[in-house]
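Throughout, read-outs are computed from the coordinates displayed, never taken from laboratory work. All figures in this text were calculated on a predicted structure; none of them were measured in a lab. Don't worry about glycine lacking a Cβ; one is built from the backbone with ideal geometry, like all the others, and counts go over all protein chains shown.
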Amino acid sequence: MRLHTSLINEIKVLISQSREQAVRAVDHARVLMYWNIGKRIFEEEQAGKERAEYGSYLLKSLSEALQPEFGSGFSVRQLERYRQFYRMYPNTSALRTQFAWTHYKLLISIDNEKKREYYQLEAANNNWTARQLERQINSQLYERLLLSNDKESVLAVARREKMPLSPSEIIKDPMILEFLGLKREAAYYEKDLELALITHLQDFLLELGNGFSFVARQKRMHIEGDEFFVDLVFYNRLLQSFVLFEIKTHKLTHQDLGQLQMYVNYYDRFEKQDFENPTIGVLLCADKNDAMVKITLPEDNKSIVASKYQLYLPTEQQLLDELKSELDKLKESDNS
């Protein structure tokens with residue numbers, strides 16, 4: 001007698017789910033173990049704080065006693081991490097069951113409390129793996145969003161206290177495309193960059209952030225017998241709008257902005273449904289003149305965003321310098 005394929009598939013799903021639940025249970029048990037170890041170290045350290053160097057002595061002694069039997073997970077450095085973990089998360093109710101210890105190792109390395117809260121919320125909301133969380137931290141996601149927003153707005157969206165109201169609240173500038181593996185010194189055609197983005201679509205969606213789904217590549221538009229093609233079309237369920245991407249491997253021109261504005265107008269008139277919000281256009285470019293972009297677009301522009309792309313991970317200092325530069329520009333604009 002032949003078994004039904006549906007039964008076999010159903011049992012395979014049950015096995016996979018059970019294995020995943022078992023792994024998560026083990027990971028959470030490990031997290032709680034490290035938290036409790038950190039708590040006991042902290043309490044013992046506080047009890048002996050009147051003795052100089054007691055903390056260092058305590059960690060060294062514990063490591064010497066535990067490492068021979070339990071391995072490198074109990075080195076002085078690791079024990080310091082467990083203590084730091086407890087100090088940053090003094091209540092177990094704040095611990096998330098979907099996070100493994102590798103998530104928390106990354107989070108406790110962030111000194112800035114608001115920055116740490118942002119990454120914790122986004123990792124939980126988007127179910128990031130530890131590797132994805134590490135990539136977002138290394139790409140300075142928080143700092144990049146601050147280039148066009150304030151801290152409270154960024155956190156409010158992450159806390160789900162508000163929905164994003166404008167493209168700038170979720171579209172990053174710059175966008176970091178290091179996952180494409182392209183050399184920054186080389187010259188690329190726009191079709192090469194587009195193909196690389198499609199090839200690494202899952203990574204690109206992670207970079208785009210909350211609510212994006214892929215719709216089409218080289219979407220054809222007919223206008224009075226002429227044909228035009230939008231490089232990439234996405235939909236964002238949070239903004240409830242289409243998001244059109246045009247890729248430019250040169251410095252942005254006002255002609256590029258006009259071209260994308262035409263595409264946005266077309267989508268608003270022929271593709272958008274009544275319940276959807278106006279279409280957003282994103283020019284992904286190698287370089288741009290922000291003043292030119294501002295003058296070219298209407299003062300009340302809410303539909304076109306220009307975002308530079310980088311083919312490598314920036315340093316934190318590079319982004320902080322850029323943030324300072326943007327703030328200085330805003331001050332000059334307010335004073336003029």
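See the values below:
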{"item": "Cα gyration tensor category, rounded, prolate or oblate, for the stretch 54-103 with a/c compared to 1.5", "result": "oblate"}
{"item": "Rough spin-label spacing in nm, given labels placed 7 Å along Cα→Cβ, for GLU117 and LEU238", "result": "1.7"}
{"item": "Across LYS248/LYS294; LYS115/LYS248; LYS60/LYS115; LYS115/LYS324, pairs whose alpha-carbon gap is larger than 28 Å", "result": "LYS115/LYS248; LYS60/LYS115"}
{"item": "Top positive-direction residue, dipole computed over the stretch 169-335 with Cβ charges, set GLN259, TYR188, SER307", "result": "TYR188"}
{"item": "Cα gyration tensor category, rounded, prolate or oblate, for the stretch 114-186 with a/c compared to 1.5", "result": "oblate"}
{"item": "Acute angle (nearest 10 degrees) that the helix 113-125 long axis makes with the longest principal axis of the chain, alpha-carbon atoms", "result": "80"}
{"item": "Of the GluC sites (Glu not before Pro) in the stretch 138-247, those whose Cβ has at most 15 other Cβ within 10 Å and which sit in DSSP loop", "result": "GLU161, GLU185, GLU224"}
{"item": "Order of HIS254, HIS4 - criterion: other Cβ atoms within 10 Å of each residue's Cβ, fewest first", "result": "HIS4, HIS254"}
{"item": "12 Å beta-carbon shell around LEU260, net charge (K/R +1, D/E -1)", "result": "-2"}
{"item": "Three-way shape label, the stretch 176-246, alpha-carbon gyration tensor, a/c 1.5", "result": "oblate"}
{"item": "Built amide H within the under 5 Å cut-off of VAL305, gap 5+", "result": "GLY281, VAL282, LEU283"}
{"item": "Packing-based exposure ordering (other Cβ within 10 Å, fewest first) of SER153, SER325", "result": "SER325, SER153"}
{"item": "Charge sum, other residues only, whose C-beta stays under 13 Å from GLU43's C-beta, Lys/Arg counted +1 and Asp/Glu -1", "result": "+3"}
{"item": "Approximate spin-label separation ARG159-GLU45, in nm, with each point projected 7 Å along Cα-to-Cβ", "result": "2.9"}
{"item": "Nearest-0.05 FRET efficiency for LYS294 and GLN273, computed from C-beta distance (R0 41 Å)", "result": "0.85"}
{"item": "Crossing angle, helix 54-70 versus the chain [Cα axis fit, 0-90 degrees, rounded to tens]", "result": "90"}
{"item": "With Cα atoms, 0 to 90° folded angle of helix 76-88 axis to the chain main axis", "result": "70"}
{"item": "In nm, spacing of pseudo-spin labels at VAL13 and LYS191 (7 Å Cα→C-beta vector)", "result": "4.2"}
{"item": "Extension reserve of the SER6-ALA124 stretch, reckoned as 0.36 nm per residue once the Cα distance is removed", "result": "39.2 nm"}
{"item": "Exposure proxy order (Cβ contacts within 10 Å, fewest to most) of MET175, MET163", "result": "MET163, MET175"}
{"item": "Candidates LEU79, LEU147, LEU260, ranked by Gaussian network fluctuation over the chain, Cα under 10 Å, top entry", "result": "LEU79"}
